[in-house]
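Novice: I'd like to ask you about the structure that follows.
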Amino acid sequence: MYWLKQGDTGGSIVSAEAVWDHVTMADRELAFKAGDVIKVLDASNKDWWWGQIDDEEGWFPASFVRLWVNQEENTAVETVEGASPSPSEVQNGHADASPSSSDCLCQPAQDRDQMRANIINEIMSTERHYIKHLKDICEGYFRQCKKRRDMFNDDQLRVIFGNIEDIYRFQMGFVRDLEKQYNTEEPHLSEIGPCFLEHQDGFWIYSEYCNNHVDACMELSRLMKDGRYQQFFEACRLVQQMIDIAIDGFLLTPVQKICKYPLQLAELLKYTVQEHSDYRYVAAALAVMRNVTQQINERKRRLENIEKIAQWQASVLDWEGDDILDRSSELVYTGEMSWIYQPYGRSQTRVFFLFDHQMVLCKKDLIRRDILYYKGRINMDRYNVVDAADGRDDDFNVSVKNAFKLSNKDSDEIHIFLAKKLEEKLRWLRGFHEERKMVQEDEKIGFEISEYQKRQAAMTVRRMTKQKGHRSVPPGYPPPMDPMNPGQYLVGDSMEQSEFEFPEPERCKSPFWQSFSRLTPFRK
């Protein structure tokens, strides 16, 4: 995909080809289908461009198109990685094509009021269009699919439509409250900020939908290879009198919508003076919606890594018990430490992998140091982390340094861990703090890995193993982000350099894997 550098087009006409269908949700948006050619008239906003098809003009998401390479010489383009539009590829509304805040303050009050009224009217229009699209999806597609048990089973319906009905119900309640706050006589006086704040917890249901969307596209693509499904979905569209957009275009609208809220609120805030009764509520709503999209991005990143987790587990010998993915979706920290566990009291060296909800213990092979054996796990939900002072420890009657303990909440069971350096101990303590924080946030929004996603990850690992013809055995797990210094990546000081290479993702490299193709020890 090609991206215009921020700024206008210099007066030249730039052509772009649509790579995704765009379903409009506002009067000022430009609808198109994949393959359509669009004249890009204004690209000063990096997220939403202004374009023209025939005699129609309007806004459209820049991530839905690719610029033609052979443009005029004065057109500045640069190549970036392209991918299907998703929350992780749409920014959070920090920049837009509207005038700056300082420019808005210099405008006459009447002009500011008119601009605010226009934005309020656009938000209301967008919400009404969106409700109609959700209704069409639920009644035109979902309910008709449920009637055809000969074509769709429950798992398929769950994958394709996710929690679309929950989103529809939530959105109807949200719009009802917006309508109550909408001042039809003087729209610029409308106070819609409180509506976003009152419903902020409800917007988290979009996380499940967005995380499921990639699987939905894959399942639809598989079904569409059968002409029966093509005819069925087209018949559903015609009966419901929906616009000429394929079903995958309609199913993309919730992803578009949750990503567009920060853009709309940022624009609204620019034309809301601080003296306006809605100002502080709009500012707070913008912060809330940016946080929602950021968290959705983070959850999506984690789901993109679950195949790596399944691959790692498959490489550990003598594995026992449940799969990691049954409870966990993120590696928080890893390293090698000494470990003493009551009642044995004997020090052992183990490699520890801290995931959300659990910590896995592994032992290195005595000869092949790149081979790991499973030696157990600790349920982090049942333990408290306690710092241990250097010196004689009363519980174990041994001298300790750079140590901390895990204490069982329901029994007298205690584990003590000894890091080689103080810095490593501090990183572990920070890692445990981040693990608990992650668990609490996941519980708040109901984040979990679906059974379908687990099966897909397992199938991918089996396919990779079969293609290689032998069991690949990595020495451990690619290092997590350093919990003390975000952006730095660490493994334990004693982890040795390895010959094993993890395959790099084909696109959208997440921070979790960035810059790592080998397990190489990092030292400060």
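Novice: So, of the residues in the stretch 230-242 that are among the hydrophobic types (A, V, I, L, M, F, W, C) and surrounded by 14 or more Cβ atoms within 10 Å (Cβ to Cβ), which turns out to be farthest from Lys147 (Cα to Cα)?
Specialist: Among those residues, the one meeting the criterion is Met242.
Novice: Just checking, does the stretch 396-413 include any residue being in contact with a Ser or Thr (Cβ under 6 Å, 6 or more places away or on another chain), buried (at least 17 other Cβ atoms within 10 Å of the Cβ) and not in a loop (DSSP other than H, G, I, E, B)?
Specialist: no
Novice: May I ask you to list pairs of residues, at least six apart or on different chains, whose Cβ atoms are under 8 Å apart, with the first in the stretch 167-179 being closer than 13 Å to Pro254 by Cα and in contact (Cβ under 8 Å) with a residue 40 or more places away in the chain and the second being open to solvent by less than 20 Å² (accessible area, probe 1.4 Å) and assigned to a helix (DSSP H, G or I)?
Specialist: Ile167/Leu134; Ile167/Tyr206; Ile167/Tyr209; Ile167/Pro254; Gln171/Glu127; Gln171/Tyr130; Gln171/Leu134
Novice: Follow-up. Does the stretch 352-365 include one or more residues that are modelled with pLDDT under 90 and either open to solvent by 60 Å² or more (accessible area, probe 1.4 Å) or not aliphatic (A, V, I, L, M) (or both)?
Specialist: Yes: the stretch 352-365 contains one or more residues that are modelled with pLDDT under 90 and either open to solvent by 60 Å² or more (accessible area, probe 1.4 Å) or not aliphatic (A, V, I, L, M) (or both).
Novice: Test Cys195 against the stated conditions and say whether it is closer than 30 Å to Gln456 by Cβ and surrounded by 18 or more Cβ atoms within 10 Å (Cβ to Cβ). I'd like the intermediate steps shown before the answer.
Specialist: Numbers: closer than 30 Å to Gln456 by Cβ: no; surrounded by 18 or more Cβ atoms within 10 Å (Cβ to Cβ): yes.
In short, no.
Novice: Are any of the residues in the stretch 27-38 open to solvent by 50 Å² or more (accessible area, probe 1.4 Å), modelled with pLDDT of 80 or more, touching a helix residue (DSSP H, G or I) at 6+ places or on another chain (Cβ under 9 Å) and not acidic (Asp, Glu)?
Specialist: For the stretch 27-38, residues open to solvent by 50 Å² or more (accessible area, probe 1.4 Å), modelled with pLDDT of 80 or more, touching a helix residue (DSSP H, G or I) at 6+ places or on another chain (Cβ under 9 Å) and not acidic (Asp, Glu): present.
Novice: Related question: Specify the residue that is most open to solvent (accessible area, probe 1.4 Å); the eligible residues are those in the stretch 414-448 that are free of Cβ contacts under 8 Å to residues at least 24 places away in the same chain and under 19 Å from Thr349 (Cα atoms).
Specialist: So, considering only residues that are free of Cβ contacts under 8 Å to residues at least 24 places away in the same chain and under 19 Å from Thr349 (Cα atoms), the one most open to solvent (accessible area, probe 1.4 Å) is Leu422.
Novice: Could you check how many residues of the stretch 16-62 are part of a loop (DSSP other than H, G, I, E, B) and either free of Cβ contacts under 8 Å to residues at least 60 places away in the same chain or not aliphatic (A, V, I, L, M) (or both)?
Specialist: Qualifying residue count, the stretch 16-62: 17.
Novice: Which of the residues that make up the stretch 200-218 are surrounded by fewer than 18 Cβ atoms within 10 Å (Cβ to Cβ) and either at pLDDT 95 or above or over 21 Å from Lys260 (Cβ atoms) (or both)?
Specialist: Scanning the stretch 200-218 gives a single hit, Met218.
Novice: In this structure, is Gly162 surrounded by 15 or more Cβ atoms within 10 Å (Cβ to Cβ), over 21 Å from Leu238 (Cβ atoms) and small (Gly, Ala, Ser)? Before you say what the answer is, go through the steps one by one.
Specialist: Numbers: surrounded by 15 or more Cβ atoms within 10 Å (Cβ to Cβ): yes; over 21 Å from Leu238 (Cβ atoms): yes; small (Gly, Ala, Ser): yes.
It is true that Gly162 is surrounded by 15 or more Cβ atoms within 10 Å (Cβ to Cβ), over 21 Å from Leu238 (Cβ atoms) and small (Gly, Ala, Ser).
Novice: Here's another thing I want to ask about it. For the stretch 289-297, does any single residue satisfy the condition of being in contact with an Asp or Glu (Cβ under 8 Å, 6 or more places away or on another chain), open to solvent by less than 10 Å² (accessible area, probe 1.4 Å), touching a residue at least 12 places away in the same chain (Cβ under 8 Å) and in a helix (DSSP H, G or I)?
Specialist: Checked the stretch 289-297: no residue is in contact with an Asp or Glu (Cβ under 8 Å, 6 or more places away or on another chain), open to solvent by less than 10 Å² (accessible area, probe 1.4 Å), touching a residue at least 12 places away in the same chain (Cβ under 8 Å) and in a helix (DSSP H, G or I).
Novice: A further question on this structure: Would you confirm whether any residue within the stretch 320-339 is outside any loop (DSSP other than H, G, I, E, B), surrounded by fewer than 22 Cβ atoms within 10 Å (Cβ to Cβ) and among the β-branched types (Val, Ile, Thr)?
Specialist: Looking through the stretch 320-339, none of the residues is outside any loop (DSSP other than H, G, I, E, B), surrounded by fewer than 22 Cβ atoms within 10 Å (Cβ to Cβ) and among the β-branched types (Val, Ile, Thr).
Novice: Something else now. Being in a helix (DSSP H, G or I) and charged (D, E, K, R) is the filter here; which residues of the stretch 192-215 pass it?
Specialist: The answer is Glu198, Glu208, Asp215.
Novice: I would also like to ask the following. Please work out which one of (1) within 27 Å of Ser315 (Cα to Cα); (2) of a type in the set (S, T, N, Q); (3) buried (at least 18 other Cβ atoms within 10 Å of the Cβ) is the condition Ser347 fails and give its number.
Specialist: Result: Ser347 passes all but (3).
Novice: On to the next question. With the condition kept exactly as written, say whether any residue in the stretch 67-85 is at pLDDT 70 or above and within 24 Å of Asn297 (Cα to Cα). Please lay out each step first, then the result.
Specialist: First pass over the stretch 67-85, keeping only residues at pLDDT 70 or above: 67.
Retained after the next criterion (residues that are within 24 Å of Asn297 (Cα to Cα)): none.
Looking for residues that are at pLDDT 70 or above and within 24 Å of Asn297 (Cα to Cα), one finds none in the stretch 67-85, hence no.
Novice: How about the stretch 298-311: which of its residues are more than 14 Å from the chain's Cα centre (by Cα) and open to solvent by 40 Å² or more (accessible area, probe 1.4 Å)? Give the steps one after another, and end with the answer.
Specialist: Just the residues of the stretch 298-311 that are more than 14 Å from the chain's Cα centre (by Cα), to begin with: 307-311.
Hit for the stretch 298-311 is Glu307, nothing else.
Novice: Continuing with this model, one more query. Take Asp387 and decide whether it is open to solvent by 40 Å² or more (accessible area, probe 1.4 Å) and part of a loop (DSSP other than H, G, I, E, B).
Specialist: no
Novice: Enumerate the pairs (first residue in the stretch 375-392 and more than 29 Å from Asp365 (Cβ to Cβ) and without any contact (Cβ under 8 Å) to a residue 24 or more places away in the chain; second residue anywhere and among the polar types (S, T, N, Q) and assigned to a strand (DSSP E or B)) with beta-carbon separation below 7 Å, excluding pairs fewer than 6 apart on the same chain, so at least 6 apart or on different chains.
Specialist: Pairs found: Val386/Ser407; Gly391/Ser399; Arg392/Ser399.
Novice: Just to verify a result, which residue in the stretch 110-144, among those that are without any contact (Cβ under 8 Å) to a residue 40 or more places away in the chain and within 26 Å of Ala246 (Cβ to Cβ), is least open to solvent (accessible area, probe 1.4 Å)?
Specialist: Among those residues, the one meeting the criterion is Cys138.
The values are calculated or read from the model by the stated rules, or taken from the named source; none is laboratory data. Bear in mind the structure is a predicted one, so any value in this text is a computation, not a measurement. As a convention, Cβ positions derive from the backbone with ideal geometry for all residues, glycine included, and neighbour counts pool all protein chains shown. Only protein heavy atoms, including side chains, enter the accessible area calculation; ligands, DNA and RNA are left aside. Shrake-Rupley method; radii C 1.70, N 1.55, O 1.52, S 1.80 Å.
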